[in-house]
Amino acid sequence: MLKNQKDLFLLPDDVTYLNGAFMSPLLKSSVEIGHQALLQKSTPFQISQSDFFDIPKRLKQSFAELVDIPDYRNVAIIPSVSYGIANVTNNITLKKGKEIVLIKDQFSSHVYAWRELAKNQGGKIITVNPPDSFVNRGKQWNQKILDAINENTAVVAISILLWTDGTRFDIAAIRDKTKHFGAQLILDGTQAIGVMPFSVREIQPDALIVGGYKWLMGPYSTGVAYYSDEFCDEGKPIEENWINRANSQDFSNLSHYQDEYQPKAGRFSVGESSNFALNPMLNDGIRQLIRWQPARIQDYCKNISTKAIDSLREMGFFVEEDQYRGHHLFGLYLPENKSLPRIKTKLAANKIYVSYRQKAIRVSPNVYNSVEDFERLVAAIREA
Ligand SMILES: Cc1ncc(COP(=O)(O)O)c(C=O)c1O
C-alpha cells in the first residue's frame, strides 16, 4: 500500500489540492532538474550534440515502459494533444460516408480535428450521448458505444476516461469490436495514463496520445504519443524538421538533405523535440509514476476517497459506480437542494481546489492527498 507522498511536492499545507485533472503539481525533484537545465543553457558549452538525441530517447523509453510499448521507437514527442491527434488525422483517408465515433463532451482537442477530417473527406461524426438517467449510467453508456460500432465505422476516437466526470470506457471491449469491423482506435489517454494501468501490447490501439502536464506530472507544453507501425511506415508528419530526418546525428552534414526519416514514429515528433529543459522534467515525473505503479495509485486514491463518496451519496450527490469511473477523477452531480454557486464560494474560501466541468464538480486526487483532505471537502460541501 502506497503512503502519502506530499513531502515530495511543494504544495502548501493550508491548501487542499484536489485538482490534478486540471494540472498536476511538479515533483520537487522535477523542479530541481528544470532548474539545472536552465543553468545549463546559461553555459551552453555544457550542452552536447548527444543531448539532442539522448534526452528525447530517455523520455520515449520511460513512456514505453509506463504503458508497455514493445518498441520505444513507436513513441513521438509532442507539445500538445492537438498536435498528437493532428499527426493521426493527417494520415487517415476516409471513404465517403464512413463514420467516426466520438463521445459526448469529449475534450475538444480530440474533436475539432475529427470534425475537420469528416468535413473535408465526406465522413460522418457519430456522437454517443450518455443515457438520460443516472441509473446504470456507466454500464449503459459503454453499451451504447459498442452498439455504435458497425461496418460503417472507420475510427473510434475516444478517451480512456471522460475528462469532465471520470466516466470510464471499456477500452478492451471497444478494441475487440473495432477490430471485428476493421476500424481504427485512437485514444486520448491524458486523463488516465500515469495513474491507471494500461498496456499498449495488450490493447493494441492504433494511437495513444497523452498530454504531459496532468497525470504524467510534467511541465506544460509537453506530451508523448504512441503510433502503431501502420501510421509510422508511410506516415506524413505535419511539419518537416531537420532532426526527424535520417542521419541528423551527423551535424556536419545536415545540408546533405535526406529523403528518409528517422525510424518509426521519429518522423512525428515536434520540431526541437530535444527540449533540454522540459523533457527531463517530464521524464522525472514518469520515472516516479513507474516506481509508484499506476495500479497502486488507483488503490491509494480509492482508499482516501471511499468514505467521502459514501457521505456525498448520502447527501444526495450522484457519483458514478466505482467500476465505471476513475478513483483519481470523478464527478459529483448535485442534488436539487444544493446550490453550486454556494458550494463554489465555500470551497474557494476554504482553499479547496476542484474544477467545475459541464454539470459536475470534478474532484481529482493523487498521492499527495489524504483522508483529511476529503473530510475537509465533505464538511465544506455540507455547510454550503
Ligand atoms: C482529455 C484531455 N485531453 C487533452 C487535453 C489538453 O489538450 P491540449 O494538449 O491540446 O491542450 C485536456 C485538457 O484538459 C484533456 O482533459
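What the table shows:
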{"item": "Protection proxy ranking, peptides 117-125, 192-200, 232-240, average beta carbon neighbours within 10 Å, highest first", "result": "192-200, 117-125, 232-240"}
{"item": "Long-range tail of P(r) for the stretch 74-220 (Cα pairs > 27 Å, %)", "result": "16"}
{"item": "Inter-site label distance for Asp147 and Ser199 at 7 Å from Cα along Cβ, in nm", "result": "3.2"}
{"item": "Values of log10 I(q)/I(0), in the order q = 0.13, 0.14 Å⁻¹, for the stretch 44-291 under a Debye, Cα-only, solvent-free model", "result": "-0.79, -0.91"}
{"item": "Two-decimal log10 I(q)/I(0) for the stretch 167-326, as the Debye equation yields it once each C-alpha is a single scatterer, q = 0.09, 0.21 Å⁻¹", "result": "-0.43, -1.38"}
{"item": "Among Val75, Phe107, Gln184 the positive-end extreme of the charge dipole of the stretch 44-291 (Cβ point charges)", "result": "Phe107"}
{"item": "Trypsin sites (Lys or Arg not before Pro) restricted to the stretch 1-56 and DSSP loop, no more than 15 other C-beta within 10 Å", "result": "Lys3"}
{"item": "Debye, to nearest 20: dipole size of the stretch 194-332, +1 on Lys, Arg Cβ, -1 on Asp, Glu Cβ", "result": "640"}
{"item": "Within the chain: Cβ-based charge dipole about Cα centre, in debye rounded to nearest 20 (Lys, Arg +1; Asp, Glu -1)", "result": "880"}
{"item": "Residue order, fewest to most surrounding Cβ atoms within 10 angstrom, among Ser29, Ser62", "result": "Ser29, Ser62"}
{"item": "Which of His328, His180, His256 has the fewest Cβ neighbours within 10 Å, and the rest in rising order", "result": "His256, His180, His328"}
{"item": "Sites Lys124 and Glu314, calculated FRET efficiency, Cβ-Cβ separation with R0 41 Å, nearest 0.05", "result": "0.40"}
{"item": "Cross-link reach list, aspartates and glutamates versus Lys6, counting only Cα pairs under 15 Å and skipping chain neighbours closer than eight places", "result": "Asp14, Glu372, Asp373"}
{"item": "Computed lengthening from Leu340 to Phe22, 0.36 nm per intervening residue step minus Cα-Cα distance", "result": "112.6 nm"}
{"item": "Cα-derived Rg over Rh, computed across the stretch 25-92 with Rh taken as Kirkwood radius", "result": "1.05"}
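Rule-based calculations on the coordinates, nothing more; no lab input. Just so it is clear, the structure is predicted and the values come from calculations on it, not from any experiment. Methodologically, a virtual Cβ is constructed for each residue, glycine included, from the backbone with ideal geometry; neighbour enumeration extends over all protein chains shown.
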